[in-house]
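Written out below as structure tokens is the structure these notes cover.
The values are calculated or read from the model by the stated rules, or taken from the named source; none is laboratory data. All figures in this text were calculated on a predicted structure; none of them were measured in a lab. For neighbour counting, all protein chains shown are included, and Cβ atoms are generated from backbone atoms with ideal geometry for every residue, glycine included.
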Amino acid sequence: MLRAGFLWLSEQPRIFRIVRKNRLARKLASRFVAGETIDEAMATVRELNANNLSASLDLLGESVLHAEEAHRACHIYLELLEGIHSAGANANVSVKLTQMGLDIDEQLCVNNLRAIIGKAKQYESFVRIDMEQSSYTAKTLQLFTDVLHPAFGNAVGVVLQSYLRRTAADVVAMITLGARVRLCKGAYQEPDDVAFPEKSDVDANYITCMERLLERGNYPGIATHDVRIIDHAKAFTKTKGISPARFEFQMLYGVRRDLQYKLRREGYTMRVYVPFGTHWYPYLMRRLAERPANIAFITANILKEWTTRR
């Protein structure tokens, strides 16, 4: 019930307009969001890189309603790629199709994506196409398979979500295509006929898909904070003789930092998913929906900092 409540809050733009002005809310968001500007995001990337962590930068915002918004988001990504290249940073970018204008005009979306991925390829970088709600899954994979991957190859990759019932088949298709896949669990509220309602089934599907990607995939991103699954991946790759150079672990900015550093010390590549931008409220609500214990954790840290300053 608590998870459903946070997901509902994530879809309320009127609440966002109020919350964005609240100092405590902004402090809460700073745990998971690297500021609102490119400069703030790049400062976070420099800090991560200094600790031997890679990054994937994500401009927050999706489901744009006007072409101008999509063009503006595209321009920010082009500027971001310039910044990454100029700084020699160990970072790439993640992009949502609805932010590029998919709901307005498919060709607008494709044109924006071509510009971004083309720039990334020019700089020998990489663009990850994020996965959104299940209603976009088929279209996302169709555009990726038919348009983007044939044109840009390994300069572009996609995300698959283990809570969807279709994902095991999609993993096989992406392996056959030779596509780079980030595997995550999924963070949207979905109907039971589309997604597994039980966490145990989501986890079991994740492990099945992960093993296939680790054995036969093209440098998969294992995106999870689940220690049990991470330990399974480490044991599985060791048993199968799969080098740590053939995959990477991925985690969200601000979540399980201790585990991120531990995996890096153990010789695994760790990429941190770094969101930034003004549209941080829906993202924050989804993070809290995934793990409501984050509320107590963040609040305790804020109170501790406040008490210390006094």
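The set of residues in segment 33-53 that are surrounded by fewer than 21 Cβ atoms within 10 Å (Cβ to Cβ) and either farther than 27 Å from Gly267 by Cβ or small (Gly, Ala, Ser) (or both) comprises Gly35, Glu36, Thr37, Ile38, Asp39, Glu40, Ala43, Ala50.
Quick one: in segment 142-182, of everything that is hydroxyl-bearing (Ser, Thr, Tyr) and in contact (Cβ under 8 Å) with a residue 24 or more places away in the chain, which residue is surrounded by the fewest Cβ atoms within 10 Å (Cβ to Cβ)?
Keep residues of segment 142-182 that are hydroxyl-bearing (Ser, Thr, Tyr), which gives 145, 162-163, 167, 176.
Okay, now just the ones that are also in contact (Cβ under 8 Å) with a residue 24 or more places away in the chain, so 145, 162-163, 167.
On the way: Thr145: 16, Ser162: 27, Tyr163: 23, Thr167: 24.
For segment 142-182, the residue satisfying everything is Thr145.
Residues that are at pLDDT 95 or above: find the helices (runs of 4 or more DSSP H) completely inside segment 13-99 holding 2 or more of those.
Details: elements: 13-19, 23-30, 38-50, 67-87.
By residue number, 38-50, 67-87.
Taking segment 99-140 as the range and being polar (S, T, N, Q), in contact with a helix residue (DSSP H, G or I) (Cβ under 7 Å, 6 or more places away or on another chain) and farther than 19 Å from Ala41 by Cα as the test, only Asn112 passes. How do the pairs read when you match residues in segment 112-137 that are in the same structural domain as Gly61 (by TED's automatic domain parsing) and surrounded by 17 or more Cβ atoms within 10 Å (Cβ to Cβ) with residues anywhere that are part of a helix (DSSP H, G or I) and aromatic (Phe, Trp, Tyr), using Cβ under 6 Å and keeping only pairs 6 or more apart or on different chains? Filtered contacts from segment 112-137: Ile116/Tyr77; Ile117/Phe152; Lys121/Phe152; Ile129/Phe144.
Scan the helices (runs of 4 or more DSSP H) fully inside segment 216-310 and keep the ones with 1 or more residues being under 16 Å from the mean Cα position of the chain (by Cα), assigned by TED's automatic domain parsing to the domain that holds Asn52 and at pLDDT 95 or above. Show your work before the answer.
Details: elements: 227-240, 257-265, 280-290, 293-309.
It comes to 257-265.
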